[in-house]
């Protein structure tokens, strides 16, 4: 099959052969020693090999030799490939959250989030992955808003200079869309833990998710 040019909004997965928007997929390139390098930003030089952003698709690609076939030659695989992908995607989520905070596009804390939810100024709600589902429902107040939970409360809190954060609201716009896209890619590789209990209202104890 001839190589497909990396043009346009869609890319084809080398395993499923399905075409999807590139924001939902992972790009890989070969390094100088033919080692497989996840190109999470999609900017490294070289011919890209695209994969649906799901752990099971990665496992199928490795088991079937899909990367070697796409690269038309031997490929060296790092032993911690999946961990590299997960860690890299978490880092991208943290970076985007930091950009949103510094740009005044994100607020954290139960009361602050509740206020912007009630005012209808929310493009995305980011919840701590280890927090309380009941608290998530309470802060949303029955509103149908996009919600992602890519990071635990400690990591989410660190973005906002606090020990813990459970609820974060991001203003509508490109930043909210970018965070949602990265969180969706990360979700395809995460092992979901059981949600805990918590609440990040100012008067309450430190919590962990919503």
With Cα atoms, 0 to 90° folded angle of helix 174-187 axis to the chain main axis
70
Would you calculate the separation in nanometres between label points at residue 137 and residue 69, each defined as 7 Å from the Cα along the Cα-to-beta-carbon direction?
4.6
Normalised by the number of residues in region 10-78, what is the relative contact order in percent for Cα pairs under 8 Å and 6+ residues apart?
34
Determine the shape class of region 10-78: with a ≥ b ≥ c the square roots of the Cα gyration tensor eigenvalues, call it rounded for a/c under 1.5, and otherwise prolate if a/b is greater than b/c, oblate otherwise.
oblate
Using only alpha carbon pairs under 8 Å that are at least six residues apart, calculate the relative contact order of the chain and give it in whole percent.
21
Just to confirm the number: angle between the C-alpha axis of helix 81-102 and the first principal axis of the chain, 0 to 90 degrees, nearest 10?
40
How long, wide and thick is region 87-187, going by the Cα atoms along their three principal axes, in whole angstroms, largest first?
33, 26, 24
Please pull out the direction-averaged projected area of the chain, using the convex hull of its alpha-carbon atoms, in nm² to one decimal place.
12.7
Choice from 12, 143, 92 showing the highest fluctuation, given a GNM over the chain with Cα pairs closer than 10 Å
143
For the chain, the longest principal axis of the Cα atoms and the Cα long axis of helix 55-64 enclose an angle in degrees, to the nearest 10, of 10
How long are the three semi-axes of the equivalent ellipsoid of region 104-160, in whole Å, if each is the root of 5 times an eigenvalue of the C-alpha gyration tensor, listed from largest down?
17, 14, 10
How many percent of DSSP beta bridges within region 87-187 run antiparallel, rounded to 5?
70
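Bear in mind that the values in this text are calculations on the coordinates, not laboratory data. Just so we're clear, the structure is a prediction, and the values are computed from it rather than from any experiment. Cβ: placed from backbone, ideal geometry, glycine included. Neighbour counts: every protein chain shown.
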